[in-house]
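Structure, as structure tokens:
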Amino acid sequence: MTNLVTLTRMRMRLAMRNKMFFFFSLIMPMVFFFLYSAVFAKSDPNIVAYLLGPVLGLNVMGSFWGLSAALVMFREQGILRRFHVSPVTEVDMLVSSILANYALTLPTVIVELLLARFLFHVPSLGNLFSVWLLVTIGVVSFGSLGLVIASVTNTMQETQVLNQLLWLPLIFLSGATIPFASLSTVVQKIALFLPATYLVHGLKNAIVEAASPGKLLVVIVSLSLWFVLTLFLSSQLFRWEPEAKIGRKAKLYVAATAIPFFLLGLWEAKNGRVIAEEKATIQRLDAADKGKEKSEQHPKPDSTKPDAPSQDHN
Amino acid sequence: MPEPVIRVENLSKRYGDVEAVRGVSFSVNEGEVFGLLGPNGAGKTSTIEILEGLRNADSGTAMVCGYDPATDSDALKHEIGAALQSTALPDKLRVMEALKLFSSFYKRHKQPEELLKRFGLEEKRNAFYSQLSGGQKQRLALAIALINDPKVIFLDEPTAGLDPQVRREIYDIIEELRHDRKTIVLTTHYIEEAERLCDRVAIVDHGKVIKEGTPSQLKQASGDKTRIEVRLTKPETDAALKCLEGVSDCRILNDVYVLHCARPPQAIVALVKYLETQNNELVGLEISTPSLEDVFIELTGRRLRD
């Protein structure tokens with residue numbers, strides 16, 4: 001336990017001394033936040049609330065990128081080898097990197113939520129406990145995916161190629177960048193096999209619909225199972241030595257990480273719940289938007305009263 | 001007779017088609033500095049890594065501080081310290097932070113302050129690892145190896161790649177550890193290092209221990225003969241030079257004729273006279289006292305650095 005605490009502190013300290021960390025973990029998420037809120041949502045509080053899920057989703061998903069690169073760099077430079085000769089275990093190394101990443105991601109998420117609430121006047125941040133739960137499970141599970149990537153790649157180049165190959169479908173198909181409802185039916189069905197789709201969908205539901213953890217049980221359980229599976233795989237495939245190369249067969253283990261979301265995707269494709277919910281949310285937003293336009297064109301005499309109920313609070 | 005701290009019997013390790021360690025056996029007593037001397041690729045690092053619990057042997061047995069490295073590596077790591085080859089620390093980790101970090105991993109540990117002072121790193125306590133010179137990095141590696149006050153210290157090529165002055169600094173530190181009666185196993189391909197630092201040396205080649213003993217025992221076993229290295233304008237046969245008065249052996253290594261002589265003055269006179277008769281001339285001549293290099297050449301027919 002002491003090893004875990006001291007290693008977590010070391011990882012946090014090292015990250016905070018790294019300029020790249022500040023760029024990818026603080027500046028980039030903020031750029032996305034303001035791009036989505038001020039440009040795409042035109043500062044409309046309802047749309048900012050709707051886009052907050054995808055913004056947080058991007059932030060959470062980015063975890064796998066940093067963790068995989070850091071672990072491969074540690075292995076290539078012989079740093080892991082130095083720790084190997086001390087009483088530090090594979091699990092200490094892996095869990096400490098996940099914990100440090102979580103502790104460093106959470107403040108950015110909190111800042112984004114506060115900015116949404118007080119700068120863009122989002123009327124409600126939904127069910128904050130559900131948001132916290134999804135962010136937590138999301139950061140640790142995507143972080144764990146990064147550790148599997150580090151374990152199945154032999155060089156930094158291979159790691160970056162695999163990261164790119166995973167990152168692009170995760171951000172473009174999950175609804176994090178392109179609204180899920182605007183994707184074609186075929187692409188939506190493909191997206192149902194991606195963990196990112198459920199994370200972004202869950203975050204949107206937690207914020208816009210104030211969904212309780214009970215209503216998000218499928219997302220929470222599937223992401224948790226995925227976390228356990230990816231962490232177990234990364235500990236089994238962990239290599240301390242730079243010269244210890246992984247065989248082609250072992251690389252196939254990475255396919256095992258797809259199992260939980262492959263099964264969930266099959267079930268969702270048949271059931272159509274996520275697609276229907278995404279459609280309903282968009283329709284509700286459109287209706288609210290039209291209502292707002294109408295009320296702006298024909299203002300009711302009592303609508304200017306400060307205590308008048310607003311549709312924005314739905 | 002006390003039980004050895006390290007006992008290795010018939011250890012073997014294979015990487016694919018390469019047999020890195022082939023039936024290595026030796027033992028190390030408490031307070032002894034034991035050297036594994038051999039060229040690169042001889043199997044020294046593989047042997048030492050098996051003893052540290054970093055790799056598993058394919059066959060054979062090893063016991064270090066009463067633990068089997070293959071099955072009790074967690075407990076063993078609390079008893080040993082190691083400075084490995086080609087390791088590093090994170091660039092942005094400060095010297096003092098590194099010592100504190102590693103001290104937190106052990107049940108028993110020394111004060112980081114004490115080690116900073118002992119290894120002359122006090123002024124660098126707040127420096128990042130990336131800001132240290134090669135010698136400072138190696139001193140830090142040694143300080144970390146001693147952080148848990150280990151019973152056995154493994155030093156894998158502790159001075160490889162360092163300049164002569166830094167190398168001498170590291171020798172002084174190892175000599176201090178020897179005075180403290182620490183058990184040390186070091187691997188090296190530097191003759192000077194093995195002769196100066198080791199109580200006993202095992203000469204390793206192609207994964208096997210080919211000779212073991214104290215440096216003086218090994219030199220005596222090879223005849224304790226002076227080595228004369230000569231370069232000639234025209235080639236000669238080793239058989240002809242071997243027949244000269246005072247010369248007991250002659251080998252040709254990279255165009256250099258290495259003569260092993262029990263009586264060097266007679267050998268030099270005989271050599272000069274012989275070369276005159278052959279219309280040949282000396283280009284260079286070097287005389288050296290017997291060293292472990294001679295033992296290695298005698299046993300393998302090669303130089304350590306070949």
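Annotations
- Gyration tensor analysis over the Cα atoms of chain B returns equivalent ellipsoid semi-axes of 42, 23, 16 Å (largest first, whole Å).
- Neighbour-count ranking [beta-carbon atoms within 10 angstrom, fewest first] of B:Asp17, B:Asp58: B:Asp17, B:Asp58
- Shape index of the range B:213-294: Rg/Rh, with Rg the Cα radius of gyration and Rh the Kirkwood radius from the inverse mean 1/r over Cα pairs, equals 0.99.
- Helical mean residue ellipticity (222 nm; -39500 (n - 2.57) per DSSP H run of 4+; nearest 500) of the protein assembly as shown: -16000 deg cm²/dmol
- Structure remark: mean-square fluctuation, Gaussian network model of chain B, C-alpha springs under 10 Å; the largest value among B:Pro112, B:Pro150, B:Pro264 belongs to B:Pro264.
- Among A:Tyr198, A:Tyr50, sorting on how many other beta-carbon atoms sit within 10 Å of each Cβ, with the fewest leading, yields A:Tyr50, A:Tyr198.
- Under 20 Å from A:Lys251, Cα to Cα: aspartates and glutamates that are on another chain or at least 8 residues apart: A:Glu76, A:Glu90, A:Glu158, A:Glu241, A:Glu243
- The mean number of Cβ atoms from other chains found within 10 Å of a Cβ in peptide B:95-103 is 3, as a whole number.
- For chain A, the longest principal axis of the C-alpha atoms and the axis of helix A:2-16 are separated by about 60°.
- In this structure, the pairs whose alpha-carbon distance is over 32 Å, taken from B:Lys44/B:Lys107; A:Lys19/B:Lys110; B:Lys13/B:Lys77; A:Lys249/B:Lys100; B:Lys211/B:Lys273, are A:Lys19/B:Lys110; A:Lys249/B:Lys100; B:Lys211/B:Lys273.
- Diffusion of the protein assembly as shown by Stokes-Einstein, at 4 °C in a medium of 1.567 mPa s and with Rh set to the Kirkwood radius over alpha-carbon pairs, works out to 45 µm²/s.
- Annotation: peptides B:200-210, A:114-124, B:163-173, ranked by per-residue average of other Cβ atoms within 10 Å with the highest first, follow the order B:200-210, A:114-124, B:163-173.
Read-outs throughout are calculated quantities, based only on the coordinates presented, and are distinct from any laboratory measurement. Just so it is clear, the model here is predicted, and its values are computed rather than measured. Every residue, glycine as well, gets a Cβ built from its backbone with ideal geometry; the counts of neighbours run over all protein chains shown.
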